[in-house]
Amino acid sequence: MDIHEYQAKEILSGFGVAVPDGALAYSPEQAAYRARELGGDRWVVKAQVHAGGRGKAGGVKVCTSDIEINDVCEDLFGMKLVTHQTGPEGKGVYRVYVEAAVPIAREIYLGFVLDRTTQRVMIVASAEGGMEIEDISAERPDSIVRAVVEPAVGLREFQCRQIAFKLGIDAALVQPMVRTLQGAYRAFTELDATMVEINPLVITEDNRIIALDAKMTFDGNALFRHPQIAELRDKSQEDPRESRAADRGLSYVGLDGNIGCIVNGAGLAMATMDTIKLAGGEPANFLDIGGGATPERVAKAFRLVLSDRNVQAILVNIFAGINRCDWVAEGVVQALREVDVDVPVVVRLAGTNVEEGQKILAKSGLPIIRAKTLNEAAERAVGAWRNDLSQGVRMRAVS
Ligand code: GDP
Ligand code: MN
């Protein structure tokens, strides 16, 4: 789960990382008011979206008066900010963070990531801050400093000093740098983060080390241990299809194609998507209904898939072990009776209670296309979709 910059800064600040003075605003008037409260004569107004690259995209503006702040915010609020990380649809701006501007002498890149090869937390730093890490590794790979943290002993001071020296940090600033590194590392491990990125970490003209930007991502499976982090979730920044699914306890990833998939088990979902592609179609989503799915849950999954306006055919592929084919079939029938489904629905069932499941589908009298194997199911789904397309049946209204 991602959080906003201002939230990441508040967290890091609690772990001893220095951040600029700042305040959050939900409207242009509030932003101008916040700036007056902060004092000074230069502020940075920063759009809060779950994506980096805001600076280049016009989401970070230096202002020198409250009138200017107001004007900048009039443009920012409500816009869809498109950065190289958001995709073409962009992310909505509903909050801005106003900060006292900081006079920058140097910009450093600092990141904490999980390195799967060493199975350790890895610190990645570079004296080329301000640039994205992808660009740094492409253009100045020699500038990147890496350090792996041994979990049994944690991040040691000597490692931090080594990083500071490699970055060419003044002797007087080594101690604050050590504090910054250790603070960010503690935040990472204690809160089950999967990524902490401070880009840029700046050295100011008056020789202070400050996190000018901050990004944190958390392990969704560990959120139950950190309710105060789970609360920071901002649904306005998520794919609406995915947040609806998360609210219903379904594992869902939205994709760009038009064959909706309802499957049990992540492995089977992957195989189903592959088979759809092999049959010449494109999956619209990845949806894992999990084990022991009740008819209600299956019906929910149906409604979710149908709420995606790109879906023009649905493929249900269940290999029931813990699941029961009869429950899945009941769920399919229930959904088709409740929701106005006017796209072809292909169902392939195998495993526990498959005969009962087939009977329920057959008896329902609903136009469900049945298939025995996954190949057959994928071909039928793609075939039915093509056929609809050629007949000009494309869009549908879903209640
Ligand atoms: P990002 O583009 O989404 O990564 O947003 P950042 O928070 O990193 O801001 C982009 C750039 O704006 C930074 O790399 C800085 O160069 C500049 N910037 C941000 N805050 C300040 C500030 O307080 N003072 C100055 N002078 N520049 C700033
Ligand atoms: Mn940044």
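Every read-out reported here was derived from the displayed coordinates using simple, explicitly stated rules and does not represent laboratory data. Here the structure is a predicted model, which is why all the values come from computation and not from measurement. All Cβ positions, even for glycine, are placed from backbone atoms using ideal geometry, and neighbour counts span all protein chains on display.
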Relative contact order of the range 305-357 (C-alpha contacts under 8 Å, at least 6 apart) in percent is 54 percent
From DSSP H assignment alone, runs of 4+ in the chain each adding -39500 (n - 2.57), the sum over residues rounded to the nearest 500 puts [θ] at 222 nm at -11000 deg cm²/dmol
For the chain, the longest principal axis of the Cα atoms and the Cα long axis of helix 266-278 enclose an angle in degrees, to the nearest 10, of 70 degrees
The answer for chymotrypsin sites (Phe, Trp or Tyr not before Pro) in the range 1-78 that fall in a DSSP coil and have at most 14 neighbouring Cβ atoms within 10 Å is TYR26
For the chain, the longest principal axis of the Cα atoms and the Cα long axis of helix 374-390 enclose an angle in degrees, to the nearest 10, of 90 degrees
On the formula 1/(1 + (r/R0)^6), with r taken between the Cβ atoms of GLU157 and ASP256 and R0 of 35 Å, the FRET efficiency rounded to 0.05 is 0.15
Taking 0.36 nm per residue of separation between ARG120 and SER307 and subtracting their Cα-Cα distance, the length gained on full extension comes to 63.3 nm
Contour minus Cα-Cα span, VAL339 to SER236, at 0.36 nm per residue, comes to 34.4 nm
Applying the gyration tensor rule to the Cα atoms of the range 252-291 (axes a ≥ b ≥ c; rounded if a/c under 1.5, else prolate if a/b exceeds b/c, else oblate), the class is oblate
Rounded to the nearest 5, the percent of antiparallel DSSP beta bridges in the chain equals 75 percent
Of the candidates GLY351, GLN175, THR117, the farthest towards the positive dipole end of the chain (Lys/Arg Cβ +1, Asp/Glu Cβ -1, centred on the Cα centre) is GLY351
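Mind checking the dipole of the range 26-137: about its Cα centre, +1 per Lys or Arg Cβ, -1 per Asp or Glu Cβ, Debye to the nearest 20?
On the way: 13 positive and 16 negative charges, 70 e Å.
Computed charge dipole of the range 26-137: roughly 340 debye.
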Checked against the positive end of the charge dipole of the range 300-399 (+1 on Cβ of Lys and Arg, -1 on Cβ of Asp and Glu, about the Cα centre), the farthest of TRP327, LEU389, ALA377 is LEU389
Comparing PHE218, PHE158, PHE188 in a Gaussian network model of the chain (Cα, 10 Å), the one with the largest mean-square fluctuation is PHE158
Sorted on mean Cβ neighbours within 10 Å (highest first), peptides 297-308, 268-279 come out as 297-308, 268-279
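With the contact rule set at Cα under 8 Å and sequence spacing of 6 or more, what percent relative contact order holds for the range 21-101?
Value for the range 21-101: 45 percent.
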For LYS363, placing the label point 7 angstrom along Cα-to-beta-carbon and taking the range 302-335, residues whose amide nitrogen sits under 20 Å are 324-335
Note: ALA101 to ARG248 extended length (0.36 nm per residue) minus current alpha-carbon separation gives 48.7 nm
In the structure shown, of LYS277/LYS359; LYS80/LYS215; LYS91/LYS215; LYS277/LYS363; LYS235/LYS277; LYS9/LYS300, the pairs separated by more than 27 angstrom at the C-alpha atoms are LYS277/LYS359; LYS277/LYS363; LYS235/LYS277; LYS9/LYS300
Pseudo-spin-label distance GLN85 to ARG208, built 7 Å along Cα→Cβ, given in nm, is 2.5 nm
Under the 7 Å Cα-to-Cβ spin-label approximation, SER137 and ARG370 lie apart by a distance in nanometres of 5.1 nm
Taking Cα pairs closer than 8 Å and at least 6 residues apart, the relative contact order of the chain in percent is 12 percent
Magnitude of the Cβ-charge dipole (Lys and Arg +1, Asp and Glu -1) of the chain about the Cα centre, nearest 20 debye, reported as 1100 debye
Descending packing, highest mean Cβ count within 10 Å first, for 191-202, 170-181 is 191-202, 170-181
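Determine the shape class of the range 1-104: with a ≥ b ≥ c the square roots of the Cα gyration tensor eigenvalues, call it rounded for a/c under 1.5, and otherwise prolate if a/b is greater than b/c, oblate otherwise.
Because a/c hits 1.5 or more and a/b fails to exceed b/c, the range 1-104 counts as oblate.
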